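Notes for the one structure printed next.
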Amino acid sequence: METNIKILVVDDEIRMRKLVRDFLTIKGYSVTEAGDGEEALEIFCSDNSYSLIILDVMMPKMDGWEVLRSIRKFSKVPIIMLTAKGEEADELKGFKLGADEYISKPFSPKILTARVEAILKRTQAEKTDTLSFGGVSINRGAHTVTADGVPVELSYKEFELLEYFMQNKNIALSRENILSNVWDYDYFGDARTIDTHVKKLRAKLGKCGEQIKTIWGMGYKFEES
């Protein structure tokens with residue numbers, strides 16, 4: 001199975017790195033190894049296209065906690081922590097610092113691979129939950145919106161209206177279609193509800209709001225300016 005998913009495995013034990021790498025490469029993942037925390041940070045900072053990091057806690061030069069702290073300052077990449085300690089305090093520390101998963105040594109490589117697959121499946125689903133077009137980006141799972149990178153606060157119905165526009169970008173949409181799909185009831189001739197929401201949505205999106213074009217006598221179209 002070939003994938004474009006890159007995983008960074010960080011452990012000072014060569015045998016452990018090889019074990020993890022072998023199981024992951026069988027699954028088709030592209031694996032890069034690092035023998036200590038400093039090397040791992042250098043690799044990730046020069047190429048942050050990795051989809052996941054498997055990070056040992058006890059390492060020379062820079063331990064896993066410090067690597068985790070450093071990466072979380074600029075990236076939300078999923079991180080699985082590996083440790084020889086099975087203490088609850090260590091697990092709580094890892095989650096508090098932003099770890100996504102915590103596995104104690106010794107562990108089953110098959111279990112580790114299953115955890116990797118589960119995390120990647122979740123993060124890939126989150127990525128597809130995002131729509132972006134013309135400077136506007138919405139995350140349907142988190143129910144958040146940004147316009148030119150700036151967070152925008154929308155009401156529930158304004159969010160649904162914007163989502164419908166973005167799903168149908170560059171398509172002229174009649175008021176009847178908008179009302180039926182966003183408000184879930186048939187159109188009876190009163191377009192003021194839609195027009196009022198469009199006006200508010202344009203204002204909140206700032207310059208990006210200009211992308212919502214009025215199609216006179218019909219409805220609206222969402223397109224890049």
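The values are calculated or read from the model by the stated rules, or taken from the named source; none is laboratory data. These figures come from a predicted structure and were not determined experimentally. Heads up, the Cβs are rebuilt from the backbone with ideal geometry, glycines too, and the neighbour counts pull from every protein chain shown. Accessible surface is based on the protein model in full, side chains and every heavy atom, while ligands, DNA and RNA are left aside. Shrake-Rupley method; radii C 1.70, N 1.55, O 1.52, S 1.80 Å.
I'd like to know if the range 47-66 contains one or more residues that are part of a helix (DSSP H, G or I), at pLDDT 90 or above and not aromatic (F, W, Y).
Taking the range 47-66 and keeping what is part of a helix (DSSP H, G or I), we get 64-66.
Those still in the list that are at pLDDT 90 or above too: 64-66.
Remaining after also requiring not aromatic (F, W, Y): 64, 66.
So far as the range 47-66 goes, yes, one or more of its residues are part of a helix (DSSP H, G or I), at pLDDT 90 or above and not aromatic (F, W, Y).
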Among the numbered criteria (1) under 15 Å from V9 (Cα atoms); (2) at pLDDT below 90, which one does G35 miss? (2)
Quick check on my filter: what residues within the range 202-222 are without any contact (Cβ under 8 Å) to a residue 60 or more places away in the chain and touching a strand residue (DSSP E or B) at 6+ places or on another chain (Cβ under 7 Å)? R202, K204, G206, I212, K213, T214, I215, M218, G219, Y220, K221
Residues in the range 29-46: is at least one under 20 Å from T113 (Cα atoms), surrounded by fewer than 20 Cβ atoms within 10 Å (Cβ to Cβ) and among the hydroxyl-bearing types (S, T, Y)? yes
Which numbered condition in (1) open to solvent by 10 Å² or more (accessible area, probe 1.4 Å); (2) more than 15 Å from G134 (Cα to Cα); (3) at pLDDT below 90 is the only one that Q167 fails? (2)
Residues being in contact (Cβ under 8 Å) with a residue 24 or more places away in the chain and among the hydrophobic types (A, V, I, L, M, F, W, C): count how many of those fall in the range 96-136. 10
What's the number of the condition S174 fails, among (1) open to solvent by 40 Å² or more (accessible area, probe 1.4 Å); (2) touching a residue at least 12 places away in the same chain (Cβ under 8 Å); (3) within 16 Å of I212 (Cα to Cα); (4) not hydrophobic (A, V, I, L, M, F, W, C)? (1)
Does the range 53-66 include one or more residues that are crowded, with 20+ Cβ neighbours inside 10 Å, within 19 Å of L19 (Cα to Cα) and without any contact (Cβ under 8 Å) to a residue 40 or more places away in the chain? yes
T83 passes all but one of the listed conditions (1) in contact with an Asp or Glu (Cβ under 7 Å, 6 or more places away or on another chain); (2) not assigned by TED's automatic domain parsing to the domain that holds D36; the exception is number (2)
Could you grab me the full set of residues in the range 101-139 that are surrounded by 15 or more Cβ atoms within 10 Å (Cβ to Cβ), within 30 Å of R202 (Cβ to Cβ) and within 11 Å of the chain's Cα centre (by Cα)? N139
Could you list, in sequence order, all residues of the range 140-164 that are hydrophobic (A, V, I, L, M, F, W, C) and surrounded by 15 or more Cβ atoms within 10 Å (Cβ to Cβ)? V145, A147, V152, L154, F159, L161, L162
